[in-house]
1. Are any of the residues in the stretch 154-161 of a type in the set (Lys, Arg), at pLDDT 95 or above, surrounded by 14 or more Cβ atoms within 10 Å (Cβ to Cβ) and in a helix (DSSP H, G or I)?
2. Six or more apart or on different chains, Cβ atoms under 9 Å: show the pairs whose first residue is in the stretch 9-34 and surrounded by 16 or more Cβ atoms within 10 Å (Cβ to Cβ) and whose second is of a type in the set (Phe, Trp, Tyr).
3. Restricting attention to the stretch 122-153, which residues are farther than 22 Å from Gly175 by Cα, in contact (Cβ under 8 Å) with a residue 24 or more places away in the chain and in a helix (DSSP H, G or I)?
4. Can you name every residue in the stretch 162-192 that is of a type outside the set (A, V, I, L, M) and assigned to a helix (DSSP H, G or I)?
5. Conditions first: (1) under 22 Å from Ala113 (Cα atoms); (2) modelled with pLDDT under 95; (3) among the small types (Gly, Ala, Ser). Gly141 passes all but one, so which condition is the exception?
6. Being modelled with pLDDT of 80 or more and farther than 20 Å from Val29 by Cα is the filter; apply it to the stretch 210-246 and report the residue that is surrounded by the fewest Cβ atoms within 10 Å (Cβ to Cβ).
7. Among Val118, Val106, Val93, which is among the β-branched types (Val, Ile, Thr) and free of Cβ contacts under 8 Å to residues at least 24 places away in the same chain?
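The values are calculated or read from the model by the stated rules, or taken from the named source; none is laboratory data. What you see is a predicted model, and the numbers here were worked out from it, not measured in a lab. Note that each Cβ is placed from the backbone with ideal geometry, even for glycine, and that neighbours are counted across all protein chains shown.
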Amino acid sequence: MTQSPMVRARGLRLDYGAGASLVRAVDEVDLEVAAGETVAVVGPSGCGKSSLLHLLGGLERPSAGEVWLAGQRIDRLRETAMARLRNHAIGFVFQAFELIDELTAVENVELPALLGGVASRTARRRAVELLERLGLAQRAGHLSAQLSGGQRQRVAIARALIGDPQVLLADEPTGNLDSTATVEVLRVFDELRAAGQTVIVVSHDSRITATADRLVCMRDGAFVDETRLTGGGHRPNLGAMAGWEA
Ligand code: ADP
Ligand code: MG
């Protein structure tokens, strides 16, 4: 028996607007991501990367097509079931971190678990463990406003992992970071891949491919090229893709 992919999209489409103002942000995308695989989706600004992630994570409903997570079709779930799924099965990381400034690092990380009904001592223990794993043990009690960009994004990654999600979805996770912080965050993605976390990361920065098993290139809402980076494939020529960097 072949194992079903962790994430599967078929004929995925997302239209914004209608008539003359219709924008087809995602255009007939098919995607299968195996458990433990890291897939990087790269392409220029406006090509539909965020829209695709929103569809895969249940933040938007497709105009057409299907989204499956761990063998379950999710695009037709009712909003309450979708919200539960987003809390338990899907982790999101955003370009702008989206941390709560008034909370400490550990409070930000444990918050989704507390909202999901996890006992406070368990949530705290797991949050501390994640911060340790991401090299932030010394920063657990700091307010997020007191942290550097790279530290904030690592806190946001810890928060996304608190529910032990089946898939981690990251939207331009290095988009707001300088090059030192970018390297810090790319190292985390590399470790997640080594640890067997399923990850889909979108970026216009081709350096993200250093952390991926597979690279998909997107243009005008559609997938136009695909390269396997591990398991017998080759690393892409990063110089050739330099035009995609910010
Ligand atoms: P990317 O993340 O690759 O920059 P997006 O998914 O944000 O691309 O956008 C894809 C296309 O959809 C763009 O043309 C963008 O202008 C359009 N778009 C995105 N969000 C909306 C929206 N809420 N309403 C209308 N058009 C949108
Ligand atoms: Mg985007």
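1. Going through the stretch 154-161, the residues of a type in the set (Lys, Arg) turn out to be 154, 159.
When the remaining residues are screened for being at pLDDT 95 or above, the result is 154, 159.
In the following step, the residues that additionally are surrounded by 14 or more Cβ atoms within 10 Å (Cβ to Cβ) were identified as 154, 159.
Now drop any that are not in a helix (DSSP H, G or I), which leaves 154, 159.
Looking through the stretch 154-161, at least one residue is of a type in the set (Lys, Arg), at pLDDT 95 or above, surrounded by 14 or more Cβ atoms within 10 Å (Cβ to Cβ) and in a helix (DSSP H, G or I).
2. Ala9/Trp68; Arg10/Trp68; Arg24/Tyr16; Ala25/Tyr16; Val29/Phe223; Leu31/Phe223
3. Result: Ala123, Arg126, Ala127, Leu130, Arg133, Arg139.
4. As a first pass, look at the stretch 162-192 and keep what is of a type outside the set (A, V, I, L, M): 163-166, 171-176, 178-180, 182, 184, 187, 189-191.
Of everything in the stretch 162-192, those that are of a type outside the set (A, V, I, L, M) and assigned to a helix (DSSP H, G or I) turn out to be Ser179, Thr180, Thr182, Glu184, Arg187, Phe189, Asp190, Glu191.
5. Of everything listed in (1) under 22 Å from Ala113 (Cα atoms); (2) modelled with pLDDT under 95; (3) among the small types (Gly, Ala, Ser), Gly141 misses just condition (2).
6. Per the criteria, the residue is Ala210.
7. On the way: Val106 fails: free of Cβ contacts under 8 Å to residues at least 24 places away in the same chain; Val93 fails: free of Cβ contacts under 8 Å to residues at least 24 places away in the same chain.
On inspection, the qualifying residue turns out to be Val118.
This table checks each residue for (1) aliphatic (A, V, I, L, M); (2) in contact (Cβ under 8 Å) with a residue 12 or more places away in the chain.
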{"residue": "Arg76", "(1), (2)": "no, no"}
{"residue": "Ala83", "(1), (2)": "yes, no"}
{"residue": "Asn87", "(1), (2)": "no, yes"}
{"residue": "Glu98", "(1), (2)": "no, yes"}
